[in-house]
Amino acid sequence: MFALLALSWLVALTAAGVLAGITDRLPYCQPIIKYSFCDYAALVRAACVDPEPYFMFTTILAMWLLGGHFPLILATYVNIIYLSRGITG
């Protein structure tokens, strides 16, 4: 149980660290960014680069994180249905 908890924290912190590292390396037109919340989308839009590749990266990362859990959840439900049919049948 502890390993699963530690792994989930490790994955979340790694994903947040990667996004923070990407935004830290972006070139900004002005040395001080005014009126910007410190979220990824606002910082990428404030940079002097085309934001599309950076948003594509976050989309791929989100799909990987969310899509990676779906087969596990689906397999769990299939296993529950299989076991419950064995008990009642």
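Bear in mind that the values in this text are calculations on the coordinates, not laboratory data. Everything quoted here is computed from the prediction, not taken from an experiment. For neighbour counting, all protein chains shown are included, and Cβ atoms are generated from backbone atoms with ideal geometry for every residue, glycine included.
For Cα extents along the principal axes in Å, the listed values are [x] 55, 33, 17; [y] 70, 28, 19; [z] 34, 30, 24; which was obtained by calculation from the structure presented?
[y]
Loop-only check: which trypsin sites (Lys or Arg not before Pro) in the chain are DSSP coil with at most 13 other Cβ within 10 angstrom?
Loop-located and lightly packed - K34.
What's the magnitude of the charge dipole for the chain around its Cα centre, counting Lys and Arg as +1 and Asp and Glu as -1 at the beta-carbon? Answer in Debye, nearest 20.
Charge dipole of the chain: 180 debye, to the nearest 20.
For the chain, modelled as a Gaussian network with Cα springs under 10 Å, which listed residue fluctuates most, I33, I73, I60?
Judging by the Gaussian network model, the answer is I73.
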